[in-house]
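Participant: Quick one: structure below, then a few questions.
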Amino acid sequence: MTQKIVINACHGGFGLSDAATELYGKLTHQNLVRGSESLFGKSSWYVNEIADENFFYDGNIPRDCRYLVQVVQQLGLAANGRYSTLKVVDVPDDVEWFIAEYDGWEHVAEMHRTWG
């Protein structure tokens, strides 16, 4: 058995498109409200109403969230944020993993012990 994990497969960084954020909100039964667009061309999103304390940040979604995986699989390229190319990878269930990245390009790595 495997677990599915969403990563960003290009330089830039993880991010969802507006369509992906909207679908994620529907699947998770969150009332996500679209705010204004930033200088970087990404809309801001809020839970229930536009207020700083209700800010929704897609980077806080666990990468193994089944709804996130569903959004990326269902929307394909339309799920990608402006600077992202999202990909679902399969990792064995028994692997304790984390996401490593360089300049926004991510990969799934297995946890291991280190000493300094």
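Participant: Using mean Cβ contacts within 10 Å as the protection proxy, how do 108-114, 26-32, 68-74, 88-94 order, highest first?
Facilitator: On the way: 108-114: 9.4, 26-32: 13.6, 68-74: 18.7, 88-94: 12.0.
Answer by packing, highest mean first, reads 68-74, 26-32, 88-94, 108-114.
Participant: While we're on this one: Specify which residue in the list 76, 45, 14 is farthest towards the positive end of the charge dipole of region 2-110, using unit charges on the beta carbon of Lys, Arg (+1) and Asp, Glu (-1), about the Cα centre.
Facilitator: Toward the positive end, the furthest listed residue is 76.
Participant: Right, here's the next one. Looking at 97, 33, 111, which one has the Cα that reaches farthest to the positive end of the dipole of the chain (charges on Cβ: Lys, Arg +1; Asp, Glu -1)?
Facilitator: With unit charges placed on the Cβ atoms, the residue in question is 33.
Participant: Would you order 58, 52, 18 from fewest to most other beta-carbon atoms within 10 Å of each residue's own beta-carbon? Could you put the intermediate results ahead of the total?
Facilitator: Working: 58 18, 52 6, 18 15.
Ranking 58, 52, 18 by Cβ neighbours within 10 Å, fewest first, gives 52, 18, 58.
Participant: I've got another one for you. Please give the helix 18-27 orientation as an angle from the longest Cα principal axis of the chain, in degrees from 0 to 90, rounded to the nearest 10.
Facilitator: Roughly 80 degrees between the two axes.
Participant: Would you calculate a helix-derived [θ] at 222 nm for the chain, using -39,500 (n - 2.57) for each DSSP H run of n ≥ 4 and dividing by the full residue count, to the nearest 500? Don't skip to the answer; put the middle values down first.
Facilitator: Working: 2 runs with 20 residues, N = 116.
For the chain, the value works out to -5000 deg cm²/dmol.
Participant: Could you line up 61, 99 from fewest to most neighbouring Cβ atoms inside 10 Å? Mind showing how you got there, number by number?
Facilitator: On the way: 61 18, 99 15.
Ranked by crowding around the Cβ, least crowded first: 99, 61.
Participant: Give me the Kirkwood hydrodynamic radius of the chain, using the inverse of the mean 1/r over all pairs of distinct Cα atoms, in Å to one decimal.
Facilitator: Values: mean 1/r = 0.0666 Å⁻¹.
One decimal place: 15.0 Å for the Kirkwood radius.
Participant: Suppose we flag chymotrypsin sites (Phe, Trp or Tyr not before Pro) only when DSSP calls them loop and at most 13 other Cβ atoms lie within 10 Å. Which is the longest uninterrupted stretch of the chain?
Facilitator: Here the longest run is 58-114.
Participant: Sequence-distant or interchain residues sharing an amide H contact under 5 Å with residue 105, placed H: which?
Facilitator: 12
Participant: With a cut-off of 8 Å between alpha carbons and a minimum separation of six or more residues, what is the relative contact order of the chain in percent? Write down the numbers at each step before the final one.
Facilitator: Details: 213 pairs, mean separation 48.1, N = 116.
Relative contact order for the chain comes out at 41 percent.
Participant: With +1 on each Lys and Arg Cβ and -1 on each Asp and Glu Cβ, how big is the dipole of region 7-116 about its Cα centre, in debye rounded to the nearest 20? Don't skip to the answer; put the middle values down first.
Facilitator: Working: 8 positive and 16 negative charges, 56 e Å.
I would put it at about 260 debye.
Participant: Quick one: check the C-alpha center-to-center distance for region 62-116 versus region 1-43, whole angstrom.
Facilitator: A separation of 13 Å, based on Cα centres.
Participant: Lysines near residue 42 by alpha-carbon distance under 24 Å, same-chain residues fewer than 8 away left out - which ones?
Facilitator: List returned: 26, 87.
Participant: Could you give the length gained by full extension between residue 82 and residue 10, i.e. 0.36 nm per residue of separation minus their alpha carbon distance, to one decimal place?
Facilitator: Numbers: separation 72, 0.36 × 72 = 25.92 nm, distance 1.12 nm.
24.8 nm is the gain from fully extending residue 82 to residue 10.
Participant: Run the numbers for residue 102 and residue 70: contour at 0.36 nm per residue of separation, minus the present Cα-Cα distance, in nm.
Facilitator: Numbers: separation 32, 0.36 × 32 = 11.52 nm, distance 2.54 nm.
Result for the pair: 9.0 nm of gain on full extension.
Participant: Quick one: grab the alpha carbon gyration tensor of region 10-62, order the square roots of its eigenvalues as a ≥ b ≥ c, and give me rounded if a/c is under 1.5, else prolate or oblate depending on whether a/b is larger than b/c.
Facilitator: Working: a/c = 1.77, a/b = 1.23, b/c = 1.43.
Oblate, because a/c is 1.5 or more while a/b does not exceed b/c.
Participant: Specify the angular offset, from 0 to 90 degrees and rounded to the nearest 10, of the alpha carbon long axis of helix 66-75 from the longest principal axis of the alpha carbons in the chain.
Facilitator: Around 70 degrees separate the two axes.
Here, each number is a calculation from the coordinates, and none is a lab measurement. Bear in mind that the values here come from a model prediction, so they are computed numbers and not experimental data. Glycine also receives a Cβ, built like all others from the backbone with ideal geometry; neighbour counts cover every protein chain displayed.
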